[in-house]
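Worksheet: the structure to be examined is printed underneath.
The values are calculated or read from the model by the stated rules, or taken from the named source; none is laboratory data. Not measured: the values here are computed from a predicted model. Reconstructed Cβ throughout: ideal geometry from the backbone, glycine too, with neighbour counts over all protein chains shown.
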Amino acid sequence: MPTTQQNQPIRVAILGAGGLGKGMAEFIPHRPDFQLVAIADRSGFAFNAAGLDVQQISQLTQVIEYPGAVASDEAILELLQAEGENIDAIFKALPNIPVGFCAQTIEAIVEKTSFRGVIVDALKRTRAVEQLLPLSGQLKEKGILYITGAGATPGFLTTAAAVAAQSFIEVLSVNIYFGVGISNWEAYKATIREDLLHLEGFNAEKVAKMTDAEIQAELDARDGLLELTQMEHADDVILELAGICSRDRVTVGGLVDTRNAKKPVSTTVTVTGRTLGGAVGSHQFVVSDETTMVDNVCGPALGFMLRGVELYRQGKYGVITSADIMPRYQIQVRQSAASNPLTQKIPTLV
């Protein structure tokens, strides 16, 4: 990481300029430890060592519209090839569709760029996180610390569950149920497309082929509401890796209103477990209805990033999860995870 003086701001690049990417750009100026120096999307990238203009970013429909931006079909790679040594940390707000996209992007960053530093993602899907775990060795060799599952869920809510679990001698279940309100679904197109995957009759191939007009028609047919159950959310693998409970005891669902900014329901995390005295009880954490998706993804992501920079400066590299920097429940994952080669070991820091 080029920035070695701890009183210097952490120079951040954002990969992705959708709702969360722009939200992160707006969040960074409120955290004095960070400076936004780069942003990239499929149209191109913008870099300024003195800092990008957040107000201009908020008005963009694509990054190439930013003054002085460079057009590119390989914007992420070209940005990091040109300026990787001038970037300390990356927030990855890239889609989970196709599921292998994020792992492929990270492999390309390792193999083709000079970047060394911290990467934090807001991935949601279990399989997307699982595909990142085997890359830990390559990232260690490159000198990159990667923190996965560091948004809201997984991330903020997962780690709340990891802390709550400490009260019990056995965790029986973890239930995460979120409420999300957005006034304009088009600002979060990638997120809504991912949510559609969890509805009956939809899959990744079908959603990828749908036009925006077809998605709008689907939302209209549902009065703008998406009720999601039994989601494929990486909270399960992250809590399993942290030794909290086996993934089959973790459930994630939610209600998304794509027409109104107000949350349709409150977001809750409920951890049920057996106490030392043999009773069964539950902790429940309720998230403020006043906080938005941007608040609950980008704020925690910056917190994980700051902790990642501290670890990086101690010489820690590889892949870890958000739960790996919380109180641990046990040293090894439960035996029920042993059949999965990706979860036979908790990712370790070198």
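Worth a mention:
- Any hit, the range 242-250, residues being surrounded by fewer than 18 Cβ atoms within 10 Å (Cβ to Cβ) and either under 17 Å from the mean Cα position of the chain (by Cα) or more than 30 Å from ASP324 (Cβ to Cβ) (or both): no
- Test for ILE97: is it under 22 Å from the mean Cα position of the chain (by Cα) and more than 22 Å from MET305 (Cβ to Cβ): yes
- Only a single criterion out of (1) among the aliphatic types (A, V, I, L, M); (2) over 22 Å from MET293 (Cβ atoms); (3) in contact with a strand residue (DSSP E or B) (Cβ under 9 Å, 6 or more places away or on another chain) is not satisfied by LEU94, namely (2).
- For the range 274-300, the set of residues classified as farther than 19 Å from GLY254 by Cβ, among the aliphatic types (A, V, I, L, M) and in contact with a strand residue (DSSP E or B) (Cβ under 7 Å, 6 or more places away or on another chain) consists of VAL280 only.
- Number of positions in the range 124-138 that are surrounded by fewer than 23 Cβ atoms within 10 Å (Cβ to Cβ) and of a type in the set (A, V, I, L, M, F, W, C): 2
- For the range 226-291, the strands (runs of 3 or more DSSP E) that sit wholly inside it and include 1 or more residues that are over 17 Å from TYR177 (Cα atoms) and among the charged types (D, E, K, R) are 268-274.
- Every pair of residues 6+ apart whose Cβ atoms lie under 8 Å, when the first sits in the range 173-196 and is closer than 21 Å to ARG247 by Cα while the second is at pLDDT below 85 and among the aliphatic types (A, V, I, L, M): GLU194/ILE97
- Residue list for the range 93-152, restricted to those being within 20 Å of ALA13 (Cβ to Cβ) and of a type in the set (Val, Ile, Thr): THR105, ILE106, ILE109, VAL110, THR113, VAL118, ILE119, VAL120, ILE144, ILE147, THR148
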